[in-house]
Amino acid sequence: MRSNSEAAQQPPTQPRTVGQLIRLLEDFDERTPVLLALRPEFPFAHQAGDIVTGNSADGTLVVFIAQGPQQSPLPYPVRNQLDWPPQ
């Protein structure tokens, strides 16, 4: 199992399916908190909200992860890893 610091140093990825997301997260300790980085122009960390399913415009089943409560401003090192502009 990779340590959290080793896993955090991996290049950013953009999972497109549930399976890809699971594979990206499976090496982390299951107690590691998950936050969403939102809005590059006003960057904050948010908890993940509800998870629901629905259909896309073409009828494909999609999993949606809602934005949960705001936690804190997004730390500068995280902004840099995401290649978001400095504030």
Checklist outcome for this item: Note on segment 1-33: residues touching a helix residue (DSSP H, G or I) at 6+ places or on another chain (Cβ under 8 Å) and either charged (D, E, K, R) or at pLDDT 90 or above (or both) are ASP27, PHE28, ASP29, THR32
Next on the checklist: Can you find a residue that is at pLDDT 95 or above and among the acidic types (Asp, Glu) anywhere in segment 44-62?
Outcome noted: yes
Next on the checklist: Under 8 Å between Cβ atoms, which residue pairs at least 6 apart in sequence (or on different chains) link something in segment 63-87 that is under 13 Å from PHE44 (Cα atoms) with a partner that is of a type in the set (Phe, Trp, Tyr) and open to solvent by less than 100 Å² (accessible area, probe 1.4 Å)?
Outcome noted: GLN70/PHE44; GLN71/PHE44; SER72/PHE44; PRO73/PHE44; LEU74/PHE44; LEU74/TRP84
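The values are calculated or read from the model by the stated rules, or taken from the named source; none is laboratory data. The shown structure was predicted, so the numbers you read here are calculated from the model rather than taken from an experiment. Every residue, glycine among them, receives a Cβ derived from its backbone with ideal geometry; neighbour counts consider all protein chains shown. Accessible surface is based on the protein model in full, side chains and every heavy atom, while ligands, DNA and RNA are left aside. Shrake-Rupley method; radii C 1.70, N 1.55, O 1.52, S 1.80 Å.
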